[in-house]
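Working notes for the structure below.
Throughout, read-outs are computed from the coordinates displayed, never taken from laboratory work. On a predicted model such as this, the values are computed, not experimentally measured, just so you know. A quick note on method: Cβ atoms are made from the backbone with ideal geometry, for glycine too, and the neighbour counts reach across all protein chains shown.
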Amino acid sequence: MGRIMSDMDHAARAPTRIGLVGATGLIGRRLIEISSLGEEARIVGIARREVDLPKGARVEMFVADTAKWGEVLEAVRPRSLICALGTTWKKAGRDEDAFRAVDYDLVLATAHAAKQAGIANFVLITAAGSDARSKNLYLRTKGEIEQEVSKIGFKRLDILQPGLLRGQREGDLRPVEAIAQIASPLIDPLLPAKWEMYRSVDADLVAEASLGLALRKAAGRFTHGNEAMKRAAREWRAKAPDMAE
């Protein structure tokens, strides 16, 4: 009986498996690092190439062609999937089709694969100001993918729309963004309330909010700006204090 109870206790304490695509980006890396600090959740990452994992990371990583991601999701069956996929205009060679191939086509294909694999919760990270009618390619693409993913029919869909991300990127030099990060403490307080969504936000906060939302059970479609993400991150820290240190 003692052995049975011990096994049951271990099962009860087993971390919840949360899928992740976009592990090489700023938020993806922080998701891995933060989740590795405790036992509340464990990241199951899927990538197109080998990932240089953070020191001390406790994560399952699967490397596969994007066409095989659906098969990986069906095999590992995470409770939720966080999508932190995204490229930049520079990385895409300043080519609109190449940019949309990642930020729209790959995100949409991944969402469909997740639904097909039976994943109920999908967390999509886009950007503040996303709007399918925008003249700006970046914001228009983010708005369009939000619309399309909303049609797939997840039990729960959380869309996070962070402003300028603050944090140290690995091997991804973005001079303009770096300058904006330095200036953000001076600029943020000057932005009027109606532009609050564009204020800078720490990548750790977005990662913590994503983890907390991925564990929620209530059904529906929810959109989270900076303030809503702060509340979700606080709830996560209360639930997993060791992981928010």
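What to note about this one:
- Distance between modelled label sites at K239 and R49, nm, 7 Å Cα→Cβ extension: 3.4
- For the Cα trace of the range 47-116, dividing Rg by the Kirkwood Rh returns an Rg/Rh value of 1.00.
- Euclidean distance of C-alpha centroids, the range 211-239 and the range 103-147, integer Å: 18
- FRET efficiency, K151 to D65 (Cβ-Cβ, R0 22 Å, nearest 0.05): 0.30
- Burial ranking of peptide ranges 143-154, 25-36, 217-228, 78-89 (average Cβ count within 10 Å, highest at the top): 25-36, 78-89, 143-154, 217-228
- Our estimate of slack between E227 and R133, defined as 0.36 nm per intervening residue step minus the Cα-Cα distance, is 31.4 nm.
- Amide H contacts under 5 Å for M61, placed H, 5+ residues apart: G45
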